[in-house]
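Engineer: Pasting in a structure now, in structure tokens, and then I'll have a few things to ask.
The values are calculated or read from the model by the stated rules, or taken from the named source; none is laboratory data. Everything numeric here is computed off the predicted structure, so don't read it as measured data. With ideal geometry, Cβ positions are generated from the backbone for all residues, glycine too; neighbour counts draw on all protein chains shown.
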Amino acid sequence: MSDAVTVNGNIGKTILVMSGKGGVGKSTVAVNIAVALQRQGKRVGLLDADIHGPSIPTMMGLEGARTRGGLGAIEPVEANGVKVISMGFFLDKSDDPVIWRGPMKMNVIKQFLADVAWGDIDALVVDLPPGTGDEPLSVCQLIGKVDGAVIVTTPQRVAAVDVRKSISFCEELKVPVIGVVENMSGFRCPRCGEVTDIFMSDGGRKLAEERGVPFLGAVPIDPLIVRSGDGGYPVAGIDQNDETHRRFAAITAGIEGFLSKKTE
Ligand code: ADP
């Protein structure tokens, strides 16, 4: 794509995490994939392209963190062994609203790619803005070469419509779909650990089958995800015996499988 920016660093693979709409857990999945890849021994970067709602700093335990270095050599901030860049690092207060027009936001994304010293990393995980409109489209064009996209959805029918749009978006941009993650799939009781279906679950799996894209796995609604998201300790980085931790590890194994197949 002609608008692509030259990235400052050696990036092995670039993975997008996208969703047809906001609030489905896209950032949660992006953070946990990044941390799980790091746990697998990969050198990982996490680029928060969601300028309006930069939740990545909080989820990574980096609230109030600031970048170092100057133009052309901005140092990403590291947490959980992952190099992170987010608009949140440049705001006075994390809840300050960003009221900017498209071109200004894209200038920031350009800087995140060209002026941040990413160094040598195996995988750059990009948390895209929600939806399939101008913003995610422009971000993809700036990145240029994308190795694959992970589509996050919830199980309900209405959300499935959004996944169809996300798949079409990827087809249009010739971005391979790595697979679909069904988030908030059932409720996991914090006392007994049992998962109860409170929405009609399995929508993500069915849709993936229908459209011929892989299904990467399901993550239940789990109060631990809310606590760990707010507390800045991603589930993928804690207790390996925890079921939700294992779900993220399995999803990430699917992503690694896809990426290694592609290069064979
Ligand atoms: P998005 O990036 O799609 O807007 P977020 O990842 O920011 O969504 O998640 C929105 C909220 O939902 C956050 O407070 C997050 O902790 C919570 N959340 C996401 N996934 C789950 C889950 N599986 N169980 C419980 N809470 C979740």
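Engineer: What do you reckon, is Ala159 within 21 Å of Gly254 (Cβ to Cβ) and within 16 Å of the ligand (Cβ to nearest atom)?
Structural biologist: It is true that Ala159 is within 21 Å of Gly254 (Cβ to Cβ) and within 16 Å of the ligand (Cβ to nearest atom).
Engineer: Say we look at the stretch 81-123 and pick out the residues that are outside any loop (DSSP other than H, G, I, E, B) and of a type in the set (Val, Ile, Thr); which of these is surrounded by the fewest Cβ atoms within 10 Å (Cβ to Cβ)?
Structural biologist: If we take residues in the stretch 81-123 being outside any loop (DSSP other than H, G, I, E, B) and of a type in the set (Val, Ile, Thr), then Val108 is surrounded by the fewest Cβ atoms within 10 Å (Cβ to Cβ).
Engineer: Enumerate the pairs (first residue in the stretch 12-32 and more than 9 Å from the ligand (Cβ to nearest atom); second residue anywhere and in a loop (DSSP other than H, G, I, E, B)) with beta-carbon separation below 6 Å, excluding pairs fewer than 6 apart on the same chain, so at least 6 apart or on different chains.
Structural biologist: Every condition considered, the pairs that remain are Lys13/Asp147; Thr14/Val146; Thr14/Asp147; Leu16/Leu128; Leu16/Val146; Met18/Leu128; Asn32/Pro234.
Engineer: Of these, Met59, Met18, Met1, which one is out of contact with any strand residue (DSSP E or B) (no Cβ under 9 Å at 6 or more places or on another chain) and at pLDDT 95 or above?
Structural biologist: Met59
Engineer: Do the conditions hold for Ser185, that is, is it within 16 Å of the ligand (Cβ to nearest atom) and closer than 12 Å to Lys21 by Cβ?
Structural biologist: Considered against the rule, which asks whether it is within 16 Å of the ligand (Cβ to nearest atom) and closer than 12 Å to Lys21 by Cβ, Ser185 comes out as no.
Engineer: Here's something else I'd like to know. Collect the residues in the stretch 37-50 that are assigned to a loop (DSSP other than H, G, I, E, B) and crowded, with 23+ Cβ neighbours inside 10 Å, keeping them in residue-number order. Walk me through how you get there before you give the answer.
Structural biologist: So the first thing to find is which residues in the stretch 37-50 are assigned to a loop (DSSP other than H, G, I, E, B), and the list is 40-43, 49-50.
Ala49, Asp50, listed by residue number.
Engineer: Within the stretch 59-80, identify whether any single residue is buried (at least 18 other Cβ atoms within 10 Å of the Cβ), outside any loop (DSSP other than H, G, I, E, B), within 16 Å of the ligand (Cβ to nearest atom) and not acidic (Asp, Glu), and answer yes or no.
Structural biologist: The answer is yes, given that some residue of the stretch 59-80 is buried (at least 18 other Cβ atoms within 10 Å of the Cβ), outside any loop (DSSP other than H, G, I, E, B), within 16 Å of the ligand (Cβ to nearest atom) and not acidic (Asp, Glu).
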